[in-house]
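A short write-up of the structure that comes next.
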Amino acid sequence: MAVVQRAVCPIASSPKKNASMTTNFSKLLAALTGVGILSAAVSPIAGGEQISIASSRAVRPLVQQTVEEFGKDYPNVRFVVGSGRSDNAVASVGKDEVQIGLISRDLTDSEKATYRHLRPVRIAIDGVGLIVHPLNSVCDLSTEQVCNIFTGRITNWTEVGGTDAPIVLFSVNRHHGTFDVFCEHFAMTANEQGDQIVFQEDEASDHATATARVVYGNRAALAAVMIQPNGIAYGSLGAMLTMASRGAPVKILKLDGVVPSEENIVADDAAPHSYTLRRPLLLLTNGQPSGAVADFLNFLTSDNGRRIVEQQGLIPIH
């Protein structure tokens with residue numbers, strides 16, 4: 001199993017070499033702390049190779065399982081892994097603060113212009129699903145209805161064919177990659193105010209009368225609608241399907257009459273059955289990878305990697 005060190009420990013070396021290692025390591029810790037949750041605090045290790053990874057929170061379970069499986073074949077490779085926002089992961093790779101980034105969206109034009117040597121590899125596709133309480137009678141929403149629900153124009157389930165009950169909104173916070181995908185797809189902006197988010201169709205909209213309660217991640221989104229019968233939330237389909245396979249009662253809505261199945265998620269945008277609320281999962285390096293980093297990329301795109309991707313409820317590309 002790959003080793004993820006969990007404590008900082010001194011290493012004997014020459015003063016000059018030790019100073020260089022300390023400086024580089026300090027940069028690494030700063031990069032991973034900026035990404036968000038630092039899953040391990042690690043000192044430089046003598047012998048073997050070390051891979052540093054910054055990932056979005058949505059990709060964290062995939063990273064953890066891949067590191068574990070990769071370590072069975074490469075026991076001398078050690079990992080430092082941090083997770084948080086996709087944009088911080090992009091910047092950390094582009095500035096050579098970490099060797100690998102794993103993000104849950106496409107690169108923006110600004111990121112491509114700023115970090116010209118980034119090398120993205122698509123490893124999977126994940127849909128974003130709209131979820132409600134299992135007893136909710138609504139099974140399908142249109143794009144317009146979703147936008148109207150989250151911006152406060154529709155406030156009762158009867159307006160979309162459900163029972164007479166107020167709609168309770170839940171949303172992941174602004175630091176979650178799923179949030180960016182959701183807002184972009186439905187052409188909305190949002191203002192986070194403490195533990196609430198107000199969505200708007202555009203900056204000048206005067207219809208933002210509804211507020212969504214902030215939840216922190218896909219599990220929390222699912223838990224929220226399980227507890228609140230009138231709730232609606234959104235989250236990673238991969239995560240939702242994984243939790244459903246473990247017995248969680250998940251009701252995922254159709255969008256514009258389209259079931260969020262694997263076939264529909266990978267369909268071309270022009271296809272009548274295409275499920276377009278989706279996003280790619282990208283592995284990033286700053287230039288052509290080599291050594292253990294190249295081995296890790298090759299592993300993730302191999303048959304073993306495909307198996308891990310599928311176990312996470314995601315759709316492999318390779």
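Quick note: the coordinates plus some simple rules give every number you see, no bench work behind them. This one's a predicted model, so the numbers in the text were calculated from it and none came from an experiment. No Cβ is skipped: glycine too gets one built from the backbone with ideal geometry, and neighbour counts run over all protein chains shown.
Taking H as built 1.01 Å from N, whose amide H comes closer than 5 Å to the amide H of Tyr234, not counting residues under 5 places away?
Hits under the 5 Å cutoff: Ile131, Val172.
Once amide H atoms are built 1.01 Å from N in the peptide plane, which residues 5 or more positions from Ile154, or in another chain, come under 5 Å H to H?
Ile149
Go through 232-239, 279-286, 216-223, 172-179 and give me the packing order, highest mean Cβ count within 10 Å leading.
The densest-packed peptide leads the list: 232-239, 279-286, 172-179, 216-223.
Taking H as built 1.01 Å from N, whose amide H comes closer than 5 Å to the amide H of Arg278, not counting residues under 5 places away?
Val128
Suppose the chain between Gln193 and Asp256 were pulled fully straight at 0.36 nm per residue; how much longer would it get relative to their current alpha carbon spacing?
19.6 nm
Could you line up Arg153, Arg78 from fewest to most neighbouring Cβ atoms inside 10 Å?
Arg153, Arg78
Rounded to the nearest 0.05, what FRET efficiency do Lys72 and Ala294 have when you use their Cβ-Cβ distance and R0 = 22 Å?
0.75
With each label point set 7 Å from Cα along the Cα-Cβ vector, what nm distance links Asn173 and Leu135?
The answer from the label model is 3.2 nm.
Would you mind checking region 47-62 for residues with the amide N under 14 Å from a putative spin-label position 7 Å along Cα→C-beta of Gln311?
61-62
On a full-extension model of 0.36 nm per residue, what is the gain between His117 and Ser302, subtracting their alpha-carbon distance, rounded to one decimal in nm? It would help to have the intermediate numbers written out before the result.
Values: separation 185, 0.36 × 185 = 66.60 nm, distance 2.42 nm.
Stretched fully, the His117-Ser302 segment lengthens by 64.2 nm.
At a Förster radius of 25 Å, what calculated FRET efficiency corresponds to the Cβ-Cβ distance of Glu144 and Val266, to the nearest 0.05?
Result of the calculation: an efficiency of 0.50.
Please work out whether region 164-263 counts as rounded, prolate or oblate from its C-alpha gyration tensor, where a ≥ b ≥ c are the square roots of the eigenvalues and a/c under 1.5 means rounded, while otherwise a/b larger than b/c means prolate and anything else oblate? Before the final figure, lay out each step's value.
Working: a/c = 1.66, a/b = 1.48, b/c = 1.13.
Note, shape of region 164-263 comes out prolate.
What is the fewest-to-most order of Met240, Met188 by other Cβ atoms lying within 10 Å of their Cβ?
Fewest-to-most ranking of Met240, Met188: Met188, Met240.
What's the exposure ranking of Ser52, Ser137, Ser171, going from fewest to most Cβ atoms within 10 Å?
Going from least to most buried by this count: Ser137, Ser52, Ser171.
Can you spot the aspartates and glutamates whose alpha carbon is less than 15 Å from Lys95's alpha carbon? Ignore those fewer than 8 places along the same chain.
Result set, ordered by chain and number: Asp87, Glu111.
For region 236-318, which chymotrypsin sites (Phe, Trp or Tyr not before Pro) are in a loop by DSSP, counting at most 12 other Cβ atoms within 10 Å?
none
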